[in-house]
Amino acid sequence: MSIRSGAVTTRELHADCSRCFALCCVALAFRASSDFAVDKEIGDPCRNLKDDYRCGIHARLRTSGFTGCTVYDCFGAGQRVSQETFGGTSWRDDSRAMFDVFPVMRQLHELLWYLTSALDITAARPAHQDVRFQYRDRTGATSSRRVEPYRQVLLDGRWYLLAWDRDREDWRTFRLDRVGDLEVPGSTFIPRLVPPAVSFVQDIPDRPVDSAQGVVRFHAPVSLVAERLVPQGGSLEAIDAETCRYVTVDESWEWLAMMVAMVGVRYTIEAPEELIESTRLLSARLRDAILDA
């Protein structure tokens, strides 16, 4: 079955190029790099785009130097802007407005993707139900996965799922924005001893780890904190149903002190001393501001 959360299904958040006017090939800019062979500005059609809005080198994008195209995902924003927002009108007729709307719609659809996937997995986890989905790796290759979901971790602004892969018989982490066609068939599993989720995700190869970390324990559910916290980089993981821990690397402890205070729930700073001192100074300034008012 296709999982539905509210009025949006994960299937609706998949790109359907047949219903789009190739917005990602025109509305976005890119620079010559390992992902793209040439420079392109916003509004300039890609040199490989055909008159029928199809890619002229789709079958050989990687070998032609356009690897970035193979891993890009608009999460269904392209067809929504093309067919609903602009009622089937091409950018050739109304380009400027369409180019302004598409990046915003893409961000909204990505948020919807995270929410629907997270809600469906969250619902399955307490019942010890396995989930099945199509997973797209960093190269763009897809594979079918059947996993036991255990933890969802926010790390550097991305959500990851820590799960036991039933076919590979090992722990795996999955970026939620690369999960597609998620299903909860109803089959159950016996819970396993879970490794520390944040450490497991941070052990991903090539991921830099910095020793100067800020650690904050929020006395509120992880779902509430995740809605209010805008991490510059770091991880947010549930400790239990009522508390969660945020671990981050930040060059400005003053900024971090303000950011965690703005979450609006009770919290405890666990480390480092610099963050504790910055919070003391912030508290004193706020107290003086009230006394002077």
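Please treat every number below as a calculation from the coordinates, not as lab data. Just so it is clear, the model here is predicted, and its values are computed rather than measured. Neighbour counts are summed over all protein chains in view; Cβ atoms, including those assigned to glycine, are modelled from backbone coordinates with ideal geometry.
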Neighbour-count ranking [beta-carbon atoms within 10 angstrom, fewest first] of H58, H14: H58, H14
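Ranking I57, I269 by Cβ neighbours within 10 Å, fewest first, what do you get? Write down the numbers at each step before the final one.
Values: I57 17, I269 20.
The fewest-first ordering by Cβ neighbours comes to I57, I269.
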Report the Stokes-Einstein translational diffusion coefficient (µm² s⁻¹, integer) for the range 16-59, Rh taken as the Kirkwood radius over Cα pairs, at 4 °C with viscosity 1.567 mPa s. 119 µm²/s
Exposure proxy order (Cβ contacts within 10 Å, fewest to most) of R31, R178: R31, R178
Sequence-distant or interchain residues sharing an amide H contact under 5 Å with E270, placed H: which? V215, V216, R217
Can you give me the Kirkwood hydrodynamic radius for the range 4-118, using every pair of distinct Cα atoms, in Å to one decimal? 14.7 Å
